[in-house]
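Structure first, commentary second.
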Protein chains: 2
Amino acid sequence: MMKNCLVAQSGGPTVAINASLAGVIAAAKQSKEIDVIYGGENGIEGILQERLINLSEKFQDEDKIRQLERTPSMFLGSCRYRMKTPEQDTTDYDKLCEILEKYQIGYFFYIGGNDSMDTVLRLSAYAKDKNLDVKIVGVPKTIDNDLECIDHTPGFGSAAKYIATSVLEMAHDTYIYNIEAVLIVEIMGRNAGWLAASSSLARMDGQPAPDIICLPEVPFSKDAFVAKVKELLKHKKHVIVAVSEGIQDEAGNYISTEGGKVDQFGHVMLCGTGMVLRDLVATEIGCKTRCVELNVLQRAASHLASKTDLEEARLLGEKAVALAVAGENGVMSTLTRVKDQPYAVTYGASDIRMIANKEKKVPRTMISEDGFDVTEEMLSYLRPLIQGEMEMKYKNGLPDYLR
Amino acid sequence: MMKNCLVAQSGGPTVAINASLAGVIAAAKQSKEIDVIYGGENGIEGILQERLINLSEKFQDEDKIRQLERTPSMFLGSCRYRMKTPEQDTTDYDKLCEILEKYQIGYFFYIGGNDSMDTVLRLSAYAKDKNLDVKIVGVPKTIDNDLECIDHTPGFGSAAKYIATSVLEMAHDTYIYNIEAVLIVEIMGRNAGWLAASSSLARMDGQPAPDIICLPEVPFSKDAFVAKVKELLKHKKHVIVAVSEGIQDEAGNYISTEGGKVDQFGHVMLCGTGMVLRDLVATEIGCKTRCVELNVLQRAASHLASKTDLEEARLLGEKAVALAVAGENGVMSTLTRVKDQPYAVTYGASDIRMIANKEKKVPRTMISEDGFDVTEEMLSYLRPLIQGEMEMKYKNGLPDYLR
């Protein structure tokens, strides 16, 4: 018997999350097990409010699915709503099960990061307890690349490509004056330094920037940092620093000026780390210095998406449909790297319990001994992920995104 | 008799300034009047130190000129050195004349903005007084688009394309949460609002962002701004504000928090305008708000260059060579718009005295009545300038720029 499916997106946006949605839609359209494809607006929060839209109708046209694939952010919207655990309160879970039954949802795909996988974990277990015939499968995404059980996450490769390109371009901008200058580039990544590390890809053909990379995995010492910058300035006029917003001192205190605030999930909100370093350079060294915060563009700049990333994101969406239809429940579609060169991956599944609420950090072997750089192991890991460019469609001089 | 030529770059970088350099090199190579092409490193400052490089040797290969055309920032480097006037001190002028004679320079091309055109003005007059046989011609560039006697400046169109694309992408990023949110995008432009105005191009296919545009040409009232945001939030959840870094209050005081500092030219340094507006929204309205400063990427992101802009920049470089060889001195190559649709321009020259030290601001007719938006006249002016994309070459996943 054919059943309907539901797909929703959650957490922070990436350039690749709509590609995963496109993959789910394309595979669900082709599946003989799936009838109507519903989209839940604003993640679990919108589903609780029964804000479901018919994606089968909206995406009859293959071209529109292709356009979706290249559109940044989240077509279905997101939420930051965190459900209580069923032990605390079952209201939301009962309501969700009621809606899943009402719309005859046999398959539910939730595209998100580690917080969203927690929702997949709890809801799949709850629905199973209630004998609801629904398979719930997670589809990975996060620019942070901090999910377990997967070689790398969709969205990360495009963010890495944007970060490396931007550092390359800003280095060109910094080199023009014949005076000492330190550029600080603040990059996202709360507890995992993958994004900041990806700035290392800017080093091509003897282009030396970034000269220093600061990751949250390494306790940050202001003295050691100032000494390192001073040392570099003895031999060169321009020093480019890539710093993760989440660096902390030995005691685990964020270097950021606004380290006190927390968001809805209890995560500490970070802002201003780059400016702290800029002020440090200005005070301790006194040369020209500037801080650039890459901010939301690193997760939204679809015009510079990695083709590898978007293709993998789409395939992980398709894989999720295959897994659900094959009867898997409480899993996330994953990819495993077979080889760096030539780059090859295989697609599979992992138990959601191994992923939810866990964070994969940069291993010490990928960080240089002095803690201010990455190793060749990191570069080999990163290089394949930014390869290839999407053929963008432009309209009146701007990328033609789906609205 | 063949003479040599010298070309140098000055002021802040743009995406198109190397295209103008490529134009000068290509035209000079073809000219029967010109022998060796010298490049002066770091503008007038490097020339005073006799740091001249042989560009004829460096750019024998046409492919390399094409690569230069697509490389951001300034291949020859820049300076912020301001010479005294000849009335104050002739040392620098005498030194420059000595170097021009020593290298048998018959033609000197200086690519820059209004400060650089001041150098062209004074030096061309001084050299003429000394009966030096050298033609000095300016080549325009500035992302600010604030030069007189030219329809628009090279570098502006690419910056406009980057700004509009980024606002479009960040709007997608803002829309995903179903909560009230105000995004403030801080855009460059000290006294002229052209760059901030170009954000209006993001409004395509019913995409409404930016909802508010604040230009330095309109005195900024905090009360009126807060009232405008509140009014918009009555009808929509997301408000996107594009603000020029240079907005000032009725009394002419910069809104920026760091409005006190001045640079070497006595220009007030601006930083933090967007953050002032963000804090204003947080305090007076209390909804979620974020500030993104586009910073140097708007003048360095060659991967998103406007084809129209780069082609015009190259042709303005070529035109400068034609003018100099034809005997013109103390002029700048210019372009005049013939038509918006189909877009057409002609190339010519303007007396440098009409350009140096002058600033072209946004006329009132291009600004909406309430001062928080632009008019259709502005959109018609802007649209042609961002058309077309360069075919970028990528290497290992990154733009292949000339180092």
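The values are calculated or read from the model by the stated rules, or taken from the named source; none is laboratory data. The shown structure was predicted, so the numbers you read here are calculated from the model rather than taken from an experiment. Please note: Cβ atoms are built from the backbone with ideal geometry, for glycine as well, and neighbour counts cover all protein chains shown. Remember, those area values only see protein heavy atoms, side chains included, never the ligands or the DNA or RNA. Shrake-Rupley method; radii C 1.70, N 1.55, O 1.52, S 1.80 Å.
Only a single criterion out of (1) within 14 Å of another protein chain (Cβ to nearest Cβ); (2) hydroxyl-bearing (Ser, Thr, Tyr); (3) within 14 Å of residue A:331 (Cβ to Cβ) is not satisfied by residue A:162, namely (3). For the stretch B:54-81, the set of residues classified as within 25 Å of the chain's Cα centre (by Cα), farther than 17 Å from residue B:158 by Cβ, away from chain A (no Cβ under 14 Å) and open to solvent by 50 Å² or more (accessible area, probe 1.4 Å) is empty.
Specify the residue that is nearest to residue A:199 (Cα to Cα); the eligible residues are those in the stretch A:135-144 that are assigned to a loop (DSSP other than H, G, I, E, B) and more than 12 Å from every other protein chain (Cβ to nearest Cβ).
Among them, the one singled out is A:144.
May I ask you to list the residues in the stretch A:88-133 that are open to solvent by 10 Å² or more (accessible area, probe 1.4 Å), among the aromatic types (Phe, Trp, Tyr) and either touching a Cys at 6+ places or on another chain (Cβ under 8 Å) or on the phi > 0 side of the Ramachandran plot (or both)? Correct list: A:107, A:126. For the stretch A:175-189, the set of residues classified as surrounded by fewer than 22 Cβ atoms within 10 Å (Cβ to Cβ) and β-branched (Val, Ile, Thr) consists of A:179 only. Across the stretch B:195-219, the number of residues qualifying as open to solvent by 10 Å² or more (accessible area, probe 1.4 Å), away from chain A (no Cβ under 11 Å) and within 24 Å of the chain's Cα centre (by Cα) comes to 4.
To keep it simple, each residue is scored yes or no on (1) farther than 23 Å from residue B:15 by Cα; (2) of a type in the set (Asp, Glu); (3) at the interface with chain A (Cβ under 9 Å from one of its Cβ atoms).
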residue: B:352; (1), (2), (3): yes, no, no
residue: B:365; (1), (2), (3): yes, no, no
residue: B:369; (1), (2), (3): yes, yes, no
residue: B:383; (1), (2), (3): no, no, yes
residue: B:386; (1), (2), (3): no, no, yes
residue: B:403; (1), (2), (3): no, no, yes
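Taking the criterion of being out of contact with any strand residue (DSSP E or B) (no Cβ under 8 Å at 6 or more places or on another chain), open to solvent by 10 Å² or more (accessible area, probe 1.4 Å) and either polar (S, T, N, Q) or in a helix (DSSP H, G or I) (or both), the residues of the stretch B:10-37 that qualify are B:26, B:27, B:30, B:31.
Taking the numbered list (1) within 21 Å of residue A:164 (Cα to Cα); (2) in a loop (DSSP other than H, G, I, E, B) in turn, residue A:370 passes all entries but (1). Would you pick out the residues in the stretch A:366-378 that are open to solvent by less than 50 Å² (accessible area, probe 1.4 Å) and in contact (Cβ under 8 Å) with a residue 60 or more places away in the chain? A:366, A:367, A:371, A:372, A:373, A:374, A:378, listed by residue number. From (1) at pLDDT 85 or above; (2) open to solvent by less than 30 Å² (accessible area, probe 1.4 Å); (3) more than 8 Å from chain B (Cβ to nearest Cβ), pick out the condition that doesn't hold for residue A:301. That leaves (3) as the condition not met. Taking the criterion of being open to solvent by 30 Å² or more (accessible area, probe 1.4 Å) and more than 22 Å from residue A:363 (Cα to Cα), the only residue of the stretch A:134-172 that qualifies is A:135. What's the number of the condition residue A:166 fails, among (1) within 22 Å of residue B:15 (Cα to Cα); (2) touching a Gly at 6+ places or on another chain (Cβ under 8 Å)? Evaluating residue A:166 over (1) within 22 Å of residue B:15 (Cα to Cα); (2) touching a Gly at 6+ places or on another chain (Cβ under 8 Å) leaves (2) as the failure. Listed here are the strands (runs of 3 or more DSSP E) enclosed by the stretch A:278-365 that have at least 3 residues being out of contact with any Ser or Thr (no Cβ under 8 Å at 6 or more places or on another chain) and either free of Cβ contacts under 8 Å to residues at least 12 places away in the same chain or of a type outside the set (Ser, Thr, Tyr) (or both): A:288-293.
When the stretch B:386-403 is filtered for residues that are outside any loop (DSSP other than H, G, I, E, B) and surrounded by 15 or more Cβ atoms within 10 Å (Cβ to Cβ), the ones remaining, listed by number, are B:386, B:389, B:394, B:398, B:399.
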